[in-house]
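First up is the structure itself, then whatever we jot down about it.
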Amino acid sequence: MAGGINRQIMLRSRPHGPPSLDNFELVQAPVPEPGEGEVLMRILYLSLDPYMRGRMSEARSYARPAALGQPMVGGTVGRIVATRDPGYAVGDIVLGFGGWQEFALSPASALRKLDPGAAPISTALGVLGMPGMTAYVGLTEIGQPKAGETVVVAAASGAVGSVVGQIAGIKGCRAVGIAGGAEKCRFVANDLGFDACVDHRADDFAARLATACPDGIDVYFENVGGAVQQAVWPLLNDFARVPVCGLIAQYDATAAVPGPDMISVLRKRLTVRGFIVSDFSARLGDFLREAGEWLRSGRLKYREHVVDGLENAPAAFLGLLQGRNFGKLLVRVASL
Ligand SMILES: NC(=O)c1ccc[n+]([C@@H]2O[C@H](COP(=O)([O-])OP(=O)(O)OC[C@H]3O[C@@H](n4cnc5c(N)ncnc54)[C@H](OP(=O)(O)O)[C@@H]3O)[C@@H](O)[C@H]2O)c1
């Protein structure tokens, strides 16, 4: 390989708003030689994924930004063309993180060997790769779908969404996709076998979605955010689960998007869960035992705001709504 040329696509600048071609630059560099414990891969497939939009920015996230003047980062499937690691031979096909370039060095420890006989090698970047795994864990761990429930996913013809809906179907759920345009919707319903697919570009999208989900929505696998999310939320059933996987509609936003900060929910993996105290009535005994002990030992303090006379209840109640109570508001209706 010595003397060969490696074409690379560098990140040249960071976008403000939607990225443009100016943010990238095609350069040529010598093909590198592997050091001890390294291999040189000829990249066969480069995965392009929405997360790369985040890497182009400097904003704080769960991963470091891609460096300016370096090849853009990305998952790859490659063939080993030189090796200085005993675990890998020339010709092995490997899954790695070679980035946007034709050749890449990698520590052998960062690679996974693929069996080209087991599945097409490109699937290691898609349905059997990071996007497929994302669908699988997001739906089963967080979505917790149960047979008979309705699962809705947007970007349904894409790498993650297509797997989400199909797993939902395998689990006995009604799978409803959301996709952009009639052709994608046909593919999702006819080829992937979702029970329905709704075009988010249709003027009456929200009404069509409601029709496609006659029993409401039990799992909304969030891939996009934005206008799609706004149509979905009113249809969520009691105790619905919303795995927040991606918010692609918001990745280019240059100002705060109105409503809850879902980007923080995603990046910080926040748990946001509503509850009503009666959901946990089985915990009453635990509460009385623990809180009673804390109260007796002085670790739990309390303050009461006592108003005398039933006739003062309305004014006291209105005061509570305006913050005039200080502590737990009680009306002393009669003395012991
Ligand atoms: N949390 C994780 O670990 C993780 C891992 C992988 C992916 N993700 C996220 O999962 C989501 C899907 O990723 P993917 O790899 O499967 O990509 P993908 O679905 O193959 O491609 C992106 C799709 O998003 C849809 N889209 C783009 N802008 C949109 C908008 N403004 N409103 C509605 N839909 C829009 C488009 O489909 P339509 O034309 O059908 O609208 C587009 O084809 C992304 O948000 C990604 O960031 C998260």
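Under the criterion of Cα pairs below 8 Å and six or more residues apart, the relative contact order for the chain equals 11 percent. For the range 111-125, backbone phi angles converted through the Karplus equation (6.51, -1.76, 1.60; θ = phi - 60°) give residue-by-residue couplings of 10, 10, 6, 10, 9, x, x, 7, 6, x, 5, 5, 5, 5, 9 Hz, Gly and Pro being listed as x.
Taking label points 7 Å from Cα along the Cα-to-Cβ direction, Asp238 and Lys301 give a separation of 3.9 nm.
If you count the DSSP beta bridges with both ends in the chain, what percent of them are antiparallel, to the nearest 5?
On the way: 27 of 47 bridges.
Taking every DSSP beta bridge within the chain, about 55 percent pair in antiparallel fashion.
Amide H contacts of Val307 (H built 1.01 Å from N, in plane; Pro and chain starts excluded): Leu330, Val331, Arg332 sit under 5 Å, all sequence-distant by 5 or more or on other chains. Shape analysis of the range 212-312 places it in the prolate category; the axes a ≥ b ≥ c from the Cα gyration tensor give an a/c of at least 1.5, with a/b above b/c.
Of Val151, Val242, Val272, the sequence from fewest to most neighbouring Cβ atoms within 10 angstrom is Val272, Val242, Val151.
Note on the chain: with a GNM built from Cα contacts shorter than 10 Å, the maximum mean-square fluctuation among Gly96, Gly193, Gly285 falls on Gly285.
Taking a ≥ b ≥ c as the square roots of the eigenvalues of the Cα gyration tensor, the chain is classed as prolate, since a/c reaches at least 1.5 and a/b is larger than b/c. Mean sequence separation of contacting Cα pairs (under 8 Å, at least six apart), scaled by the length of the range 1-160, corresponds to a relative contact order of 22 percent.
By its C-alpha gyration tensor, with a ≥ b ≥ c as the square roots of the eigenvalues, how is the range 153-255 shaped: rounded for a/c under 1.5, else prolate for a/b larger than b/c, else oblate?
rounded
Relative to one another, the C-alpha centroids of the range 40-62 and the range 148-223 are positioned 27 Å apart. With Cα atoms as the point set, the radius of gyration and Dmax of the range 25-150 evaluate to 16.9, 57 Å.
How high is the relative contact order of the range 125-195, in percent, with contacts defined as C-alpha pairs under 8 Å that are six or more residues apart?
Values: 112 pairs, mean separation 20.7, N = 71.
It comes to 29 percent, rounded to a whole number.
Among Lys301, Lys184, Lys113, rank each residue by its count of other Cβ atoms within 10 Å, from fewest to most, as a rough exposure measure. Write out the running numbers ahead of the final one.
Values: Lys301 7, Lys184 20, Lys113 13.
Fewest-to-most ranking of Lys301, Lys184, Lys113: Lys301, Lys113, Lys184.
Cross-link partners for Lys328 among the lysines, with Cα-Cα distance under 27 Å and sequence neighbours closer than 8 places in the same chain left out: Lys301. In this rough spin-label picture, where each label sits 7 Å from Cα along the Cβ direction, the Ile276-Gln250 distance is 2.8 nm.
Ordering Thr83, Thr254, Thr211 from the fewest to the most neighbouring beta carbons within 10 Å gives Thr254, Thr211, Thr83.
None of the figures in this text is laboratory data; all of them are computed from the coordinates on show. The model shown is predicted, which means the values in this text are computed figures rather than measured ones. Don't worry about glycine lacking a Cβ; one is built from the backbone with ideal geometry, like all the others, and counts go over all protein chains shown.
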